[in-house]
Amino acid sequence: YLDLMLKGTIKNNIDSIQLYKTKILSLTKDPALVGESFGVSAYTYLNNNMYTKAIIDYQTAYKYYKSSNNLKMQYSQVRVLVNIIEGHLDIGTLEQATINFDLLKKTIKNFPNNPRFINYKELVKILNAKILNAKENYDTALLVLQSVKENNLDRAILKEMYYTALQESYNGLENYSLGEY
């Protein structure tokens, strides 16, 4: 069922995704599988611009990942919290974005042996800057972004987040040429 949710032709169909999520819940209590089903459901809601439902399902996925005995699944908490923060930023609930950002920082601190720990530390800075940009505190956001070590941005999505936040900071400071660059 999870493969159908992820790879099948139904992957953007909300009703089908919900049906398979329900079937998974009826068959297993495995936190990894249930968490993943809620994560896929949340992603589908997000693709359909249903932000509140997406955030709720991401929060549920977070709880399942947190309760998992599988360390790899526990690491998935980071991905889900980032998605929750991004969702709150998209709908303008900055207080909730900040609360989840604080939770993300604590979660990352609990994983010092994670192979991506140094990358996650940079992720925290980028998300901090994104929240500051949303609060129109562009000077501080730019200072935070200037402390990011670009060599530690190991994935394209991290680099994209970093450069987008930089662009938003520069544009907010009306330095459009640097924002464009």
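Across the stretch 94-122, the qualifying residues are those that are crowded, with 17+ Cβ neighbours inside 10 Å and over 23 Å from residue 146 (Cβ atoms), and the one among them that is modelled with the highest pLDDT is 100.
Does residue 76 fit the bill of being more than 14 Å from the chain's Cα centre (by Cα) and among the small types (Gly, Ala, Ser)? No: the conditions fail for residue 76. Here residue 55 meets the list (1) over 22 Å from residue 124 (Cα atoms); (2) open to solvent by less than 20 Å² (accessible area, probe 1.4 Å); (3) among the β-branched types (Val, Ile, Thr) almost entirely, failing just condition (1). Residues that are over 15 Å from the mean Cα position of the chain (by Cα) and over 13 Å from residue 134 (Cβ atoms) within the stretch 93-105 are absent altogether. Checked against (1) open to solvent by 60 Å² or more (accessible area, probe 1.4 Å); (2) over 20 Å from residue 114 (Cβ atoms); (3) not acidic (Asp, Glu), residue 38 passes all but a single condition, namely (1). Close contacts from the stretch 150-164, counting a first residue that is surrounded by 14 or more Cβ atoms within 10 Å (Cβ to Cβ) and a second that is of a type in the set (Ser, Thr, Tyr), with Cβ to Cβ under 9 Å and a gap of 6+ residues or different chains, come to 153/162. Out of the residues in the stretch 9-24 that are open to solvent by 40 Å² or more (accessible area, probe 1.4 Å) and modelled with pLDDT under 75, state the one that is farthest from residue 45 (Cα to Cα). That would be 9. Residue count for the stretch 48-71, restricted to those that are of a type outside the set (A, V, I, L, M) and either more than 23 Å from residue 106 (Cα to Cα) or in contact (Cβ under 8 Å) with a residue 60 or more places away in the chain (or both): 5. Going by what's in this entry, would residue 131 be described as open to solvent by less than 20 Å² (accessible area, probe 1.4 Å), modelled with pLDDT of 95 or more and closer than 22 Å to residue 40 by Cα? Answer is no for this residue. Residues that are surrounded by fewer than 21 Cβ atoms within 10 Å (Cβ to Cβ) and touching a residue at least 24 places away in the same chain (Cβ under 8 Å) were ranked within the stretch 134-147; the one that is nearest to residue 84 (Cα to Cα) is 134.
Is it fair to say residue 75 is touching a residue at least 24 places away in the same chain (Cβ under 8 Å), aromatic (Phe, Trp, Tyr) and open to solvent by less than 10 Å² (accessible area, probe 1.4 Å)? The answer is no for residue 75. Could you grab the pairs with beta carbons closer than 8 Å, sequence gap of 6+ or different chains, first residue in the stretch 19-47 and on the phi > 0 side of the Ramachandran plot, second one open to solvent by 10 Å² or more (accessible area, probe 1.4 Å) and aromatic (Phe, Trp, Tyr)? If the second residue must be open to solvent by 10 Å² or more (accessible area, probe 1.4 Å) and aromatic (Phe, Trp, Tyr), no pairs are left.
The values are calculated or read from the model by the stated rules, or taken from the named source; none is laboratory data. A quick note: this is a predicted structure, and the numbers were derived from the prediction, not measured. Note that we place each Cβ from the backbone using ideal geometry, even for glycine, and neighbour counts take in every protein chain shown. Remember, those area values only see protein heavy atoms, side chains included, never the ligands or the DNA or RNA. Shrake-Rupley method; radii C 1.70, N 1.55, O 1.52, S 1.80 Å.
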